[in-house]
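Each value in this text was obtained by applying a stated rule to the coordinates, not by laboratory testing. Since the model is a prediction, treat every value here as computed from it, not as a measurement. Cβ: placed from backbone, ideal geometry, glycine included. Neighbour counts: every protein chain shown.
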Amino acid sequence: DFYGRGLARVIIMLPWAVSLTMTAVVWRWALNGESGMLNSALMKLGLISQNIQWLASAETAFPMQVRIGILVTVPFTTTIFLGGLSSIPDDLYEAAALEGATLFQQFREITFPLLKPFINIAIVLNT
């Protein structure tokens, strides 16, 4: 628990809650080959010298679609993991600390095994 937890959850979930149609429109605008935000940013950074037509060929369009798909699912996956982490009882960590377990050992022996069902859910739903 921390101050502003509810606000943090709203900020994390907002991109996921926006419809996929709106997300597609925004990314199509950002990837516009003539005046898109991505081309503008890359030109200002000096990484490219001319505009790239991101959505004009499969070599650039498909990787961009994969990246956008991953970005769109990050908030939902984060929420799944937050739910899993909040379901782990604190007294397990207290007992492990009393027994002398390091943070890595606590993660390996408590957190990761108890998160496996949530990891499986995230993999299935994201795939």
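Report the longest stretch of the chain that contains none of the GluC sites (Glu not before Pro) sitting in a DSSP loop with at most 13 other Cβ atoms within 10 Å.
The segment 35-98 is the longest one with no such site.
Would you mind getting me the FRET efficiency between residue 29 and residue 116? Use the beta-carbon distance for r and R0 = 35 Å, nearest 0.05.
Efficiency, rounded to the nearest 0.05: 0.35.
Using Cβ contacts closer than 10 Å as the measure, can you line up 49, 40 from fewest to most?
49, 40
Could you give the dipole magnitude of the chain about its Cα centre, charging the beta-carbon of Lys and Arg +1 and that of Asp and Glu -1, in debye to the nearest 20?
Using only the charged Cβ atoms, the result is roughly 520 debye.
May I ask you to sort 110, 11 by Cβ crowding, counting other Cβ atoms within 10 Å and putting the fewest first?
11, 110
Taking only DSSP H segments of four or more residues, each worth -39500 (n - 2.57), what value at 222 nm results for the chain once the sum is divided by all its residues, to the nearest 500 deg cm²/dmol?
Rounded to the nearest 500, it is -22000 deg cm²/dmol.
Most fluctuating residue of 103, 114, 31 in a GNM of the chain with Cα springs under 10 Å: which is it?
Sorting by GNM fluctuation, first place goes to 103.
Between 46, 36, 69, where does the largest GNM mean-square fluctuation fall for the chain, given springs only between Cα atoms within less than 10 Å?
46
Relative contact order for the chain: what is it in percent, counting Cα pairs under 8 Å that are at least 6 residues apart?
Across the chain, relative contact order equals 22 percent.
Between (i) 61, 31, 29; (ii) 54, 24, 20; (iii) 80, 37, 19, which entry matches Cα extents along the principal axes in Å as derived from the coordinates of this structure?
Calculated Cα extents along the principal axes in Å: the matching label is (i).
For residue 60 paired with residue 91, estimate the spin-label separation in nm (one decimal), with each label point 7 Å from Cα along the Cα-to-Cβ line.
That separation, rounded to one decimal, is 5.9 nm.
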